[in-house]
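The values are calculated or read from the model by the stated rules, or taken from the named source; none is laboratory data. It should be emphasised that the depicted structure is a prediction, and the values quoted were computed from it without experimental measurement. Heads up, the Cβs are rebuilt from the backbone with ideal geometry, glycines too, and the neighbour counts pull from every protein chain shown. These accessible areas exclude ligands, DNA and RNA; they are computed on the full protein's heavy atoms, side chains included. Shrake-Rupley method; radii C 1.70, N 1.55, O 1.52, S 1.80 Å.
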Amino acid sequence: MAKHWWEIQILCDPALEDLIFWRLDLFGCQGTSSEAKGNSRLVQAYLPQEQAQLLDLAALSISFRQDAITVSLPVPGVHWHLIDEEDWSVTWKKHWQPQPIGDRFLICPAWLSAPEAPERHLLHLDPGIAFGTGDHATTQLCLESLEMRLSINPQENQEIVLADIGCGSGILSIGALLLGARQVYAVDTDPLAVRATVCNSKLNHLGGDRLITAQGSINELLETLPGPVDGILCNILAEVVIDLIPKFEAISKPNTWAVISGVLLDQAKPVADTLEQHGWTVATLWRRKEWCCFNIRREE
């Protein structure tokens, strides 16, 4: 066990938050948190001291700067310092409280007592270092889109099978199952995300026959799916979404729908163009802050 940990603090524009989480994930951080600071977000992440030198942290800071410049956002402020081992595992969690999303969900951190919310689905979550706590605009948009979609014909939900590509903490998969979907096949290229999804599935008392999780992407889905799915969930970065869209058809029915996010508003057009080129119609485009969420369907 490490004796000391790096605490990395990034004060950033809210629209940069997804990119920062992605960078921290690649860097190997173990535990992240995010909270509002005025009109900005303060992201904190933790890493064992022996896994990074000062030059590594400086390089990470440069990556944040380059990402911000690429998407024309303010350059974030980055600071780091060492903390004792006993502090790191609780520090990132202390500001995260139960959070209502939409009309039906209440995201409840696993280490807190569940509040009384009879009118909402309690979604218990311990994301670890996986993306998806319900705090980010893209996750909220996806959950609200699911809530809308699965309220159209609730009696038919028990037959719905979904694919969650880039499942992160498993929050979207679990949300769909709580709303009545029969099964979700969830994949992520990050083994830590797969582990987080499995753990969170158990926290919400969902059996392995309802949430089937594997490491990988669409190729792995093709090996495990019994047939085409009714819906697709995909909350990743726009560049990855664009690469995945041509592959959606392989797991789709003629009437399959999808919820796609992780897309900045100024990235919406290339995503929409790619969808149209591959036979998808944008039914609605929802936005929150600088992010948008596509609710799409196959063209008949």
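If we keep just the residues of the range 248-272 that are among the aliphatic types (A, V, I, L, M) and at pLDDT 95 or above, which is farthest from HIS136 (Cα to Cα)?
Going residue by residue through the range 248-272, those that are among the aliphatic types (A, V, I, L, M) are 250-251, 258-260, 263-265, 268, 271-272.
Of the ones still in play, those that are also at pLDDT 95 or above are 250-251, 258-260, 271-272.
Values: ALA250: 30, ILE251: 28, ALA258: 19, VAL259: 16, ILE260: 14, VAL271: 20, ALA272: 22 Å.
Only one residue tops the list, namely ALA250.
Yes/no per residue for (1) at pLDDT below 85; (2) farther than 27 Å from ALA238 by Cα; (3) of a type in the set (Asp, Glu):
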residue: SER40; (1), (2), (3): no, no, no
residue: SER61; (1), (2), (3): no, no, no
residue: GLN97; (1), (2), (3): yes, yes, no
residue: GLY102; (1), (2), (3): no, no, no
residue: ARG120; (1), (2), (3): no, yes, no
residue: GLY134; (1), (2), (3): yes, no, no
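Being open to solvent by 50 Å² or more (accessible area, probe 1.4 Å), of a type in the set (Gly, Ala, Ser) and modelled with pLDDT under 90 is a condition met by no residue of the range 42-51. Answer with yes or no whether SER261 is open to solvent by 20 Å² or more (accessible area, probe 1.4 Å) and within 22 Å of LEU26 (Cα to Cα). So SER261 fails the test.
May I ask you to verify whether ASP209 is of a type in the set (D, E, K, R) and surrounded by fewer than 21 Cβ atoms within 10 Å (Cβ to Cβ)? So ASP209 passes the test.
Among the residues of the range 214-230, those that are open to solvent by 30 Å² or more (accessible area, probe 1.4 Å), in contact (Cβ under 8 Å) with a residue 12 or more places away in the chain and in a helix (DSSP H, G or I) comprise GLU220, LEU222, THR224. In the range 273-289, the qualifying residues are those that are touching a strand residue (DSSP E or B) at 6+ places or on another chain (Cβ under 7 Å) and surrounded by fewer than 18 Cβ atoms within 10 Å (Cβ to Cβ), and the one that is nearest to THR139 (Cα to Cα) is LEU285. You will find that of ARG149, ARG120, the residue that is in contact with a strand residue (DSSP E or B) (Cβ under 9 Å, 6 or more places away or on another chain), open to solvent by 50 Å² or more (accessible area, probe 1.4 Å) and under 16 Å from ALA258 (Cα atoms) is ARG149 and no other.
Residue selection: PRO254 satisfies the criterion of being assigned to a strand (DSSP E or B) and surrounded by fewer than 20 Cβ atoms within 10 Å (Cβ to Cβ).
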